[in-house]
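Contents: one structure, followed by commentary.
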Amino acid sequence: MSADRRTYSTGSYQKLENGKYRLFVSGGTGLGRKRVRRTKTVQARSDREAERLLKAFQAEIDALTNKEKMTVNAMLDLFEEDRLETTSIRTQEWYRETLRRVRAALGHMDLQELRPKDVHAFYRRIADPKSAPLDGLSGGLSPTYVLHHHRALKAAMAWAYKNDLTDRNIMDKVTSPKSEPVREKRTLTDEEIRRFCAGAENLGLRWKAILLLALGTGMRRQELCALSWADVDFEVGTLTIRRAVQRQNGLNRIGPTKNASSMRTISVAPELLALLKAWKQVQAEQRLRSFCPWEGDWVFTTSLGNTIPIDKFTHTAAALFQRMEIPNATFHTLRHTCATRMLEAGVPANDVAAYLGHASTQMTLDVYGHPGERFGEKCVAAVQSYLNWHANGTRAL
């Protein structure tokens, strides 16, 4: 890299190799009144062309940092650059995907000119199945997904107001869309569990181990995908969940767990450990036959040693549920069934929360603490128990 750097009133540039130049422009003051310097690498055939590109870059930055000229898209660029860099990959993907329709519908507008009526019109448009596509994305969104757009835009506008990019936060006057009523989580019955386990027998040892481990431990698919053999202690009979897979640009990215509470060590049933041992032997044989170098020491891999695409977990479970005629069930139904059965068996809610990696016991009760299939019989049995005790005690008096 060359150290040749030239400074102009518009900024400066540094000449790199292969006809590339790195441009430097002052972006004014940012958060905490700190001076912000914007950089950009461009391709130029000469120093003169680099100077021209530097002037264009300066004009671009001036537009971004000038309230009167700032568009909604320019604000969202700064929001994503600053706010999202500290969030998980999954959260970043959610914001960027959700804000695509916002950008297509409202991005061209001046930030200072945006009004609540414009936002309400946007909500109506994305909810209308007959509306024209926005950035290739169709309308007809459910109330829940319209609410997702509201939350993403509200977070961006709050950030813009906090950082003096706009004189007001119009989202304070925007009515929040109504969400769909929360559906009760699906739990597999005893008969459905029997059919599910029977169907898993025909999927091969790898998928049998994945699906039964999900049913028997309640692990998330992201956690199963990122499980390493170093996390499995066959002697003690435990698994340690340290990481989770996140999907980014069509590829698996190994990252942190969903939250700090999700990092945990759990005990595992001996039958599941035996299943993992059998799979480990099969995987070792696949590794010997493979001509490709394997990366990492992941528990669940393809025959070439790659981590399994996270969507494959979802699709495989869905296909099995359909084949075994188990309606309205998803991969997450396995986690829900595990949690619900633990609570029904009398395991304390705080223990179930720790086992599942929930941030709070209240979340466990809110999500999974609904009545089980035999809740009526259990309630009657409990009532009879204390009534009989009381009656016997009365007669003893």
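The values are calculated or read from the model by the stated rules, or taken from the named source; none is laboratory data. Please read these numbers as outputs of a predicted model, since none were measured by experiment. In this analysis, Cβ positions are derived from the backbone assuming ideal geometry, glycine residues included, and neighbour counts consider all displayed protein chains. Just the protein is used for accessible areas: all its heavy atoms, side chains included, with ligands, DNA and RNA removed. Shrake-Rupley method; radii C 1.70, N 1.55, O 1.52, S 1.80 Å.
Got at least one residue in the stretch 129-149 being touching a residue at least 40 places away in the same chain (Cβ under 8 Å) and under 18 Å from Arg103 (Cα atoms)? Yes, there is a match, as at least one residue in the stretch 129-149 is touching a residue at least 40 places away in the same chain (Cβ under 8 Å) and under 18 Å from Arg103 (Cα atoms).
Among Thr166, Thr175, Thr187, which is the only one that is on the phi < 0 side of the Ramachandran plot and crowded, with 21+ Cβ neighbours inside 10 Å? Can you show your working first?
Details: Thr166 fails: crowded, with 21+ Cβ neighbours inside 10 Å; Thr175 fails: crowded, with 21+ Cβ neighbours inside 10 Å.
Matching residue, one of Thr166, Thr175, Thr187: Thr187.
Is there a residue being hydroxyl-bearing (Ser, Thr, Tyr) and over 24 Å from the mean Cα position of the chain (by Cα) anywhere in the stretch 159-173?
Among the residues of the stretch 159-173, at least one is hydroxyl-bearing (Ser, Thr, Tyr) and over 24 Å from the mean Cα position of the chain (by Cα), which makes the answer yes.
Restricting the first member to the stretch 316-336 and to residues that are in contact (Cβ under 8 Å) with a residue 40 or more places away in the chain, and the second to residues that are open to solvent by 20 Å² or more (accessible area, probe 1.4 Å) and among the small types (Gly, Ala, Ser), the beta-carbon pairs closer than 7 Å and six or more apart or on different chains are Thr330/Ala318. Where strands (runs of 3 or more DSSP E) fall entirely within the stretch 221-260, those with at least 3 residues that are modelled with pLDDT of 90 or more are at 238-241. The residue of the stretch 322-342 that is nearest to the chain's Cα centre (by Cα), among those that are open to solvent by less than 40 Å² (accessible area, probe 1.4 Å) and over 17 Å from Ser267 (Cβ atoms), is Phe331. Note on the stretch 261-295: residues that are out of contact with any helix residue (DSSP H, G or I) (no Cβ under 6 Å at 6 or more places or on another chain), small (Gly, Ala, Ser) and either within 19 Å of Arg220 (Cβ to Cβ) or open to solvent by less than 20 Å² (accessible area, probe 1.4 Å) (or both) amount to 3. For the stretch 148-162, filtering for residues that are open to solvent by 30 Å² or more (accessible area, probe 1.4 Å) and closer than 14 Å to Gln112 by Cα leaves 2.
Taken together, Leu276, Leu288 contain a single residue that is assigned to a helix (DSSP H, G or I), among the aliphatic types (A, V, I, L, M) and over 29 Å from the mean Cα position of the chain (by Cα), which is Leu288. Tell me whether the stretch 357-372 contains one or more residues that are within 25 Å of Ile193 (Cα to Cα), at pLDDT 85 or above and assigned to a helix (DSSP H, G or I). Looking for residues that are within 25 Å of Ile193 (Cα to Cα), at pLDDT 85 or above and assigned to a helix (DSSP H, G or I), one finds none in the stretch 357-372, hence no. In the stretch 115-131, is there at least one residue being open to solvent by less than 40 Å² (accessible area, probe 1.4 Å), at pLDDT below 90 and either closer than 27 Å to Val245 by Cβ or part of a loop (DSSP other than H, G, I, E, B) (or both)? Yes: the stretch 115-131 contains one or more residues that are open to solvent by less than 40 Å² (accessible area, probe 1.4 Å), at pLDDT below 90 and either closer than 27 Å to Val245 by Cβ or part of a loop (DSSP other than H, G, I, E, B) (or both).
Can you say whether Ala105 is more than 17 Å from Asn73 (Cβ to Cβ), in contact with a Leu (Cβ under 7 Å, 6 or more places away or on another chain) and without any contact (Cβ under 8 Å) to a residue 60 or more places away in the chain, as far as the supplied structure shows? Here the answer is no, as Ala105 does not meet what is asked. Out of Gly32, Gly27, Gly11, one residue alone is at pLDDT below 70 and open to solvent by less than 30 Å² (accessible area, probe 1.4 Å). It is Gly27.
When the residues of the stretch 132-147 are filtered to those that are out of contact with any Phe, Trp or Tyr (no Cβ under 8 Å at 6 or more places or on another chain), in a helix (DSSP H, G or I) and of a type outside the set (Ser, Thr, Tyr), which remaining residue is modelled with the highest pLDDT? Talk me through it step by step, then tell me what you get.
Of all residues in the stretch 132-147, those out of contact with any Phe, Trp or Tyr (no Cβ under 8 Å at 6 or more places or on another chain) come to 132-145, 147.
Okay, now just the ones that are also in a helix (DSSP H, G or I), so 143-145, 147.
Now restrict to residues that are of a type outside the set (Ser, Thr, Tyr): 143, 147.
On the way: Pro143: 89, Leu147: 92.
Across the stretch 132-147, the extreme among qualifying residues is Leu147.
For the stretch 200-220, a residue qualifies if it is surrounded by 19 or more Cβ atoms within 10 Å (Cβ to Cβ) and either assigned to a loop (DSSP other than H, G, I, E, B) or among the small types (Gly, Ala, Ser) (or both), and the qualifying residues are Ala200, Ala209, Ala214, Gly218, Met219, Arg220. Just one of the numbered conditions (1) in a loop (DSSP other than H, G, I, E, B); (2) under 23 Å from the mean Cα position of the chain (by Cα); (3) not hydroxyl-bearing (Ser, Thr, Tyr) is not true of Lys154: (1).
Within the stretch 98-114, the residues that satisfy the criterion of being surrounded by 12 or more Cβ atoms within 10 Å (Cβ to Cβ) and assigned to a helix (DSSP H, G or I) are Thr98, Leu99, Arg100, Arg101, Val102, Arg103, Ala104, Ala105, Leu106, Leu111, Gln112.
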